[in-house]
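Beneath this line is the structure, given in structure tokens, with notes to follow.
Each value in this text was obtained by applying a stated rule to the coordinates, not by laboratory testing. Everything numeric in this text was worked out from a predicted model, so none of it was measured. Positions of Cβ are generated from backbone atoms using ideal geometry, with glycine treated the same way; all protein chains shown enter the neighbour counts.
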Amino acid sequence: MKVLVTGAAGFLGSHLAERLLNEGCQVVGVDNLYTGTRENISSFASNPNFKFLEADVCDLKADDFDKVEEVYNLACPASPVHYQARPHFTTMTGIKGVMLCLEIAKRDNAKMLHASTSEIYGDPLVHPQKESYWGNVNTIGIRSCYDEGKRIGETLIADYIREFDVDARMTRIFNTYGTRMHPQDGRVVSNFIMQALNDQDITIYGDGSQTRSFQYYSDLIEAFVRFMRLPKEKVRAFFGLPDRPPVPVLNTGNPGEYTIKELAEKTLEKLPNSTSKIVYRPLPGDDPKKRKPDIELAKKLLNWEPTVSLDEGLSKTIEYFKSI
Ligand code: NAD
Ligand code: UDP
């Protein structure tokens with residue numbers, strides 16, 4: 001099986017590429033190393049079944065590749081700090097990068113799985129979020145480059161499914177954390193752990209009452225692979241019913257919901273020798289107040305649900321950050 005993984009040097013992409021290589025796939029990994037690192041792929045870089053291409057997904061040409069059977073599109077900065085540092089690049093990655101991946105899938109008659117996000121729900125007015133919810137997104141705020149990039153990506157995928165019969169699927173990923181996150185990634189789990197390990201202030205933005213649902217990466221990778229491997233006919237028959245989205249899209253996340261203050265306290269409980277203190281900083285614009293996935297559709301279609309609790313996942317992630 002020949003597989004293209006974009007964003008392969010990132011946190012999730014490197015875990016996915018490694019899993020596919022362990023199953024005997026030939027993997028072409030593409031990454032421009034904006035937030036990804038060569039360190040993330042170092043454990044399998046010399047595997048003869050792995051080829052790494054340092055390139056921007058917006059410059060991909062189908063001619064750069066031999067025919068592939070599966071395309072996983074993960075290339076896109078995911079941390080607010082990094083996507084907000086380069087908003088135009090982020091928006092274009094959402095538009096052009098997704099389109100070029102779709103062109104490759106179309107040319108090769110390959111399956112495609114796209115990493116969409118819970119951010120397409122914006123600051124949600126419906127709780128928990130089901131796939132049928134259309135979201136509440138600001139088109140011109142500081143998060144818009146990411147949110148709208150992911151939303152147009154979903155639209156493009158729906159277009160290619162309807163107009164060109166491309167076998168594409170999307171997962172709306174809710175906050176996922178774990179080993180290989182960059183210590184300076186800027187997202188909340190890695191920030192709190194790094195701050196606690198270094199006896200620095202734990203920076204809660206706002207009053208810490210906003211909620212997120214945290215998924216350990218291994219649960220997500222399992223959902224990715226299960227979704228991709230389903231035959232097209234089964235996927236097409238599942239979606240399009242009156243109570244379901246018209247095209248294949250699944251929430252993938254852990255429904256356990258925590259306030260950010262609870263996360264800070266949990267992190268400190270796990271590092272009792274830390275002298276860090278919780279401090280409060282201004283809440284950035286458009287920061288969603290509540291987020292929790294409804295995963296009934298993924299449970300039914302994939303026979304899947306998350307198995308790693310926040311306690312277990314946090315402990316593993318802490319051990320990782322201690323080791324690097
Ligand atoms: P990450 O930043 O570690 O990985 C993203 C990777 O994509 C990096 O290696 C980066 O260098 C690469 N990249 C970015 N733009 C690129 C471009 N234009 N061309 C080539 N490579 C590019 O973040 P992650 O958490 O591993 O996210 C992976 C994917 O999952 C992203 O698409 C992200 O939007 C999506 N996602 C992640 C989460 C999460 O909580 N981790 C939640 C929702 C969606
Ligand atoms: N956050 C925080 N302190 C930090 C980093 C993030 O309080 O050092 C908050 C952030 O404002 C948001 C939540 O934690 O409410 C999750 O932030 P993250 O950047 O991880 O992901 P998001 O879900 O906002 O994209």
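Cut-off is 10 Å between beta-carbons; in what order do S209, S46 appear when sorted fewest neighbours first? Write out the running numbers ahead of the final one.
Values: S209 12, S46 8.
Final ranking by Cβ density, sparse to dense: S46, S209.
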Computed D for the stretch 1-73, Stokes-Einstein, Kirkwood radius over alpha-carbon pairs, 20 °C, 1.002 mPa s, to the nearest µm² per second, is 181 µm²/s
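What value in Å³ per residue do you get for the convex hull of the alpha-carbon atoms in the stretch 203-324? Before the final figure, lay out the partial values.
Values: hull volume 16.3 nm³, N = 122.
Given the Cα convex hull of the stretch 203-324, per-residue volume reads 134 Å³.
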Least to most buried among S144, S42, by other C-beta atoms within 10 Å and fewest first, runs S42, S144
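Over the chain, what relative contact order in percent results from Cα pairs under 8 Å that are six or more residues apart? Mind dumping the intermediate values first?
Numbers: 641 pairs, mean separation 58.3, N = 324.
The normalised contact order for the chain reaches 18 percent.
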Of the listed links K51/K96; K2/K130; K106/K130; K130/K232, those spanning more than 27 angstrom between alpha carbons are K2/K130; K106/K130
Expressed in nanometres to one decimal, the distance between label points 7 Å along Cα→Cβ at L241 and S46 is 5.1 nm
Taking the dipole of the stretch 167-223 about the Cα centre (Lys, Arg +1; Asp, Glu -1; charges at Cβ), the one of V189, Q200, A168 that reaches farthest to the positive side is A168
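Just to check, using Stokes-Einstein with a Kirkwood Rh over alpha carbon pairs, what's the diffusion coefficient of the stretch 125-259 at 25 °C and 0.890 mPa s in µm²/s?
142 µm²/s
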Computed curve, the chain, Cα-only Debye sum without solvent term, log₁₀ I(q)/I(0) at 0.06, 0.07 Å⁻¹, is -0.19, -0.26
1/(1 + (r/R0)^6) with r = Cβ-Cβ of I278 and F164, R0 = 56 Å, i.e. FRET efficiency to nearest 0.05, evaluates to 0.65
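What do you get for Rg/Rh of the stretch 1-150 when both radii come from the Cα atoms and Rh is the Kirkwood radius? Write out the running numbers ahead of the final one.
Details: Rg = 15.8 Å, Rh = 15.9 Å.
Result for the stretch 1-150 is an Rg/Rh of 0.99.
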For the stretch 286-293, in residue order, the Karplus 3J(HN,Hα) values (coefficients 6.51, -1.76, 1.60; θ = phi - 60°; whole Hz; Gly and Pro = x) are 6, 5, x, 7, 9, 7, 7, x
Amide H contacts under 5 Å for A75, restricted to residues at least 5 apart in sequence or on another chain and with H modeled in the peptide plane, are T6, G7
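Could you pull out the trypsin sites (Lys or Arg not before Pro) across the stretch 1-67 that fall in loop regions by DSSP (anything but H, G, I, E, B) with no more than 15 other Cβ atoms inside 10 Å? Display every interim value, and only then the final one.
Values: sites: K2, R19, R38, K51, K61, K67; in loops: R38, K61, K67.
Answer by residue number: R38, K61, K67.
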Fewest to most Cβ atoms within 10 Å: K290, K277 sort as K277, K290
Long-range amide H partners of A168, meaning residues 5 or more apart or on another chain whose placed amide H is closer than 5 Å, are M112
